[in-house]
Structures are given as structure tokens and as C-alpha cells.
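Values quoted throughout were computed directly from the atomic coordinates according to the rules given, and no laboratory measurement underlies them. Given the structure is predicted, the values throughout are model-derived calculations rather than measurements. So basically every Cβ, Gly included, is an ideal-geometry build from the backbone, and we count neighbours across all protein chains shown.
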Amino acid sequence: MNPSNIVIAIDGTSASGKSTNARLVAQALGYIYVDTGAMYRTLAWHCLRHKIDVHDGTAVWNLCRQWKTTLACIEHKVLLLVNGYYPETEIRTATVSAAVSHVAAVPKVRNWMKLKQRECLKFGDLVMEGRDIGTNVFPETEFKFYLDASLDERAKRRAAEGIKENLAARDQRDSQRATAPLMIPLGAMVINNSAMTPAQTSGMILERIKKQLKSN
Ligand code: DC
């Protein structure tokens with residue numbers, strides 16, 4: 001693990017453009033992209049397959065602690081593999097979306113995820129997106145961003161992807177859980193991109209990173 005590697009933390013609400021912009025920023029800088037939401041989604045999918053009640057934190061943790069996974073870095077993207085498999089399409093279903101914030105509220109699960117997410121540093125400089133990257137996973141990073149957009153605009157973006165889900169309910173669960181809730185990290189640059197394109201949002205993020213890197 002190289003402690004001198006850089007971490008760009010991008011947190012924010014659901015459908016606020018974290019994935020799109022984190023990918024664009026990673027591409028522009030040649031850094032590795034990490035989607036931590038995909039890790040929680042993979043655990044939710046694993047629970048559903050094993051008929052575990054996602055509201056039962058003890059049962060979720062018991063499954064998680066015995067879980068055999070590997071972290072792989074493929075084409076500049078970190079993947080959490082289950083028996084060598086990445087369930088790319090399976091983790092995007094409405095069922096998994098409805099289950100995931102329950103799984104993500106279990107404190108021991110969050111601690112397990114944090115260790116995995118910090119382990120990603122071994123792959124190189126990272127652009128990591130999630131809900132608690134700047135507050136909990138890498139609080140020491142000086143590169144923190146928080147994205148948001150109006151609920152209306154975020155629902156439109158999901159609908160354009162053919163996904164209908166209750167974003168407000170998920171945001172509420174993510175913001176109100178006891179452990180590492182979604183919140184604006186101290187010192188983060190906050191971007192409300194309701195009326196912005198991804199090129200504008202990622203451009204703003206890149207400008208800030210470059211300024212910070214120059215002043216170091
Ligand atoms: O970004 P996403 O919608 O794929 O994330 C799925 C869920 O995972 C989200 O509702 C909250 C949870 N999550 C989290 O609690 N912490 C993270 N760092 C990333 C995601």
C-alpha cells in the first residue's frame with residue numbers, strides 16, 4: 001500500500017452525477033475509478049440471493065463476515081469480485097436499489113467496507129465516489145467534493161436511464177443512519193449541478209484539483 005497516493009473523494013446524493021463525473025475526472029487525470037456504491041450493491045445482491053432479510057443487521061453481518069471476495073483493478077476501475085465474478089447488471093435492478101441502503105446502515109458492514117475501500121490505495125491514485133468517502137473512509141484527503149442537484153432533476157436523470165425509484169426515501173435513509181451518514185465533508189467543494197452538464201461539473205472539479213496540486 002502506498003500512503004502517498006492521492007485520493008479524490010466525491011460524495012453526494014443519489015443520482016447527483018457522482019459516477020459520471022468521477023469517471024470523467026479519473027479519465028482526465030489517469031487515476032483509478034472506485035464506485036463504492038457498487039460494493040454495497042454487491043453485498044445487497046449477495047444477501048438477496050441467500051434469502052437474508054436485509055432489515056436484520058445481525059444476519060447481514062453474519063453473511064458479510066464469511067464472504068469471500070477479491071478486489072481487482074481492471075482497465076483503471078476497481079471491482080469487488082465474488083468468486084471471480086462482477087455482477088455488473090444484477091446490482092442495478094430496482095430490487096437491489098431498494099435493499100441497498102438497509103445493508104449499508106449496518107455499522108459492522110460499514111467498517112468492513114471501509115477496510116476494503118482503503119485497501120484500494122494499493123492500486124494507485126484514486127477517484128472514489130460514495131456517501132462517506134470524505135468524512136469517514138479517507139477523511140485525511142485534501143481533495144473533497146460534494147455533488148447535489150434538485151430532487152426533480154435527479155429523478156429525471158434516473159428516469160432517462162429507465163430506472164424508477166424512490167430517491168427521496170433512499171437519501172433520507174442514507175442521511176439519517178447512525179454510522180457514517182451522508183453529509184457534506186468539512187472543507188469540501190459543494191457543487192449543485194441541477195443546471196450543469198457533466199463537462200461543466202467535471203471541469204470545475206478538475207480546475208480545483210489542479211489548483212490544489214499546484215499550491216502543494
Ligand atoms: O451510489 P449508489 O446509488 O450506487 O449507492 C448505493 C447505496 O449504497 C446508497 O443508497 C448508499 C450506499 N452507500 C453508502 O452508504 N456509502 C457509500 N460510500 C456508497 C454507497
Give the share of C-alpha pairs in each 5 angstrom bin for region 40-114, from 0 to the last occupied bin, in whole percents, shortest bins first.
-> 3, 17, 29, 25, 19, 6, 2, 0
Chymotrypsin sites (Phe, Trp or Tyr not before Pro) restricted to DSSP loop in region 65-154 with at most 16 other C-beta within 10 Å | W67
With a 27 Å threshold on alpha-carbon distance, the violating pairs from K77/K108; K116/K214; K77/K114; K108/K156; K68/K108 are K116/K214; K108/K156
Between rounded, prolate and oblate, where does region 116-216 land on the alpha carbon gyration tensor, with a ≥ b ≥ c its root eigenvalues, rounded for a/c under 1.5, else prolate if a/b exceeds b/c?
-> oblate
Hey, what's the Kirkwood Rh for the chain if you take every pair of different alpha carbons, in angstrom?
-> 17.5
Could you give the angle, 0 to 90 degrees to the nearest 10, between helix 18-29's Cα long axis and the longest principal axis of the Cα atoms of the chain?
-> 50
Most exposed first by the Cβ proxy, i.e. fewest other Cβ within 10 Å, how do E140, E129, E153, E119 rank?
-> E140, E119, E153, E129
With the Cα gyration tensor of region 139-185 giving a ≥ b ≥ c as the square roots of its eigenvalues, does the rule (a/c under 1.5 for rounded; else a/b larger than b/c for prolate; else oblate) give rounded, prolate or oblate?
-> oblate
Of all the C-alpha pairs in region 1-129, what % are more than 27 Å from each other?
-> 17
Two pseudo-spin positions, 7 Å from Cα along C-beta at S150 and at S19, lie apart in nanometres by 2.4
Please arrange W61, W45 by counting, for each residue, the other beta carbons lying within 10 Å of its beta carbon, fewest first.
-> W61, W45
12 Å beta-carbon shell around V137, net charge (K/R +1, D/E -1) | +1
For helix 94-103, what angle does its Cα long axis make with the longest principal axis of the chain, in degrees from 0 to 90 and rounded to 10?
-> 90
Computed [θ] at 222 nm, helices only, for the chain once each DSSP H run of length n ≥ 4 contributes -39500 (n - 2.57) | -14000 deg cm²/dmol
Using the 10 angstrom Cβ neighbour count as an exposure proxy, how do R170, R158 rank, fewest first?
-> R158, R170
For helix 198-215, report the angle its Cα long axis makes with the longest principal axis of the Cα atoms of the chain; keep it between 0 and 90° and round to the nearest 10°.
-> 70
For region 179-209 and region 50-86, compute the distance between their C-alpha centroids and round to whole Å.
-> 28
